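Note sheet for the following structure.
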Amino acid sequence: MHFDLADLRLFIHIAESPSLTQGARRAHLSPAAASARIKALESQFDSRLLYRDSRGVELTPAGQKLLQHARLVMRQVEYLKSEFTEYGADNAGHIRIFANTTAVTEFLPEILADFLAQRPGVTVDLQEKLTRDIVRGVLDGSTDMGIIAGPVKATGLQAIHFSTDRLLLALPVGHALAGEQKVTLQQTLAYQHIGLHAGSTLLTFLHDQVERLGGKLSLRIQMSGFEAICRMIEAGVGIGIIPESAARRHSRTMRLATVELDETWAVRERRVLVRDLDALPGSVRALIARLQDVGREEDSRQE
């Protein structure tokens with residue numbers, strides 16, 4: 001079996017494009033040349049890789065399998081290149097991260113700012129994803145690492161703990177629930193909530209918990225981040241379930257009341273997901289180590 005990296009890169013481009021023509025354009029090839037290379041790949045694997053019709057291309061089951069392996073191979077090639085740059089193994093390379101909403105909006109910007117300032121040869125592609133998409137992305141090689149919170153099934157992946165956070169209820173000062181020591185999710189459903197934007201990891205998680213109760217989450221307005229949610233809560237627009245880390249930060253500048261949630265799922269372990277830590281380039285391992293250092297500092301402050 002003989003194929004080169006250019007063929008694998010072309011196949012990835014086509015698989016991620018709506019048509020063979022657009023995939024060929026990304027690979028700087030003519031459609032005819034790209035088609036010939038794909039046919040040669042199919043001959044090598046003795047399997048049909050693409051369904052072609054007037055609407056574009058669709059991967060066959062064999063094509064899905066090849067895409068997963070092709071992404072992993074190309075990732076390893078990128079890792080190899082980064083290990084031999086002028087900046088050194090820890091200070092160069094491109095890191096792709098799939099992360100949940102809290103990570104993207106709350107703690108990663110500050111961590112990445114410091115990390116990247118010290119490593120001029122490193123670039124980062126940070127994408128907000130749902131937990132299931134984060135797990136899938138790490139498994140199929142679409143991303144170098146994933147950042148999640150809470151329980152998750154991640155068979156075949158390494159899960160590295162780096163901190164613990166809690167969800168709590170944030171309320172306007174003087175709210176009827178503000179005097180309670182603890183509240184259940186069921187108790188909060190009698191009030192209008194301020195939530196994150198549709199498709200965010202936290203909102204999806206909360207909808208799942210409410211569905212298990214057979215209730216309905218009444219959303220008065222949805223915001224793009226926790227600061228905006230807290231401003232709405234401070235103004236008396238509604239209540240909101242947010243991470244303790246966000247509540248602590250925004251309580252410094254806003255008048256907010258907080259109440260502990262009497263739910264087992266409210267305590268959430270934050271973890272980094274990877275396929276194989278030892279196989280990752282130095283820059284990725286250095287970022288994971290930085291996350292662990294920051295997590296230990298945060299946990300020690302809460303003790």
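Values in this text are rule-based calculations from the coordinates and carry no lab data. These numbers were taken from a predicted model, which means no experiment stands behind them. In this analysis, Cβ positions are derived from the backbone assuming ideal geometry, glycine residues included, and neighbour counts consider all displayed protein chains.
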> Within the chain, what is the number of lysine pairs with alpha carbons under 24 Å apart, leaving out pairs fewer than eight places apart on the same chain?
Replying inline: 6
>> For Cα Rg over 2.2 N^0.38 Å, pick the label among (1) 1.19; (2) 1.00; (3) 1.65 that corresponds to the value derived from the coordinates.
In response: (1)
> When the chain is treated as a GNM, springs tying every alpha-carbon pair under 10 Å, which of ARG25, ARG231, ARG96 comes out with the largest mean-square fluctuation?
Replying inline: ARG25
>> With an 8 Å Cα cut-off and a minimum separation of 6 or more residues, compute the relative contact order for the chain in percent.
In response: 21 percent
> When the helices in the chain are scored as -39500 (n - 2.57) per DSSP H run of 4 or longer and the sum is shared across all residues, what 222 nm value do you end up with, to the nearest 500 deg cm²/dmol?
Replying inline: -13000 deg cm²/dmol
>> Taking a virtual spin label 7 Å from the Cα of GLU58 along the C-beta vector, which residues in the range 1-41 bring their backbone nitrogen under 17 Å of it?
In response: 15-20
>> Please list, ordered by chain and number, the residues whose modelled amide H lies under 5 Å from the amide H of SER218; skip anything fewer than 5 residues away on the same chain.
In response: HIS193
> What residue among ALA24, ALA70, ALA36 shows peak mean-square fluctuation when the chain is described by a Gaussian network model with Cα springs under 10 Å?
Replying inline: ALA36
> ILE147's amide H: which non-local residues (gap 5+, or another chain) put their own amide H closer than 5 Å, with H modeled 1.01 Å from N in plane and none for Pro or chain starts?
Replying inline: PHE98, ALA99, ASN100, LEU273
>> Quick one: 3J(HN,Hα) in Hz for the range 129-141, Karplus 6.51/-1.76/1.60 with θ = phi - 60°, rounded, Gly and Pro as x.
In response: 9, 6, 4, 4, 6, 5, 4, 4, x, 5, 4, 8, x
>> Please compute the Kirkwood hydrodynamic radius of the range 148-290 from all pairs of different C-alpha atoms, in Å with one decimal.
In response: 16.4 Å
>> Please report the antiparallel percentage of the DSSP beta bridges confined to the chain, to the nearest 5.
In response: 60 percent
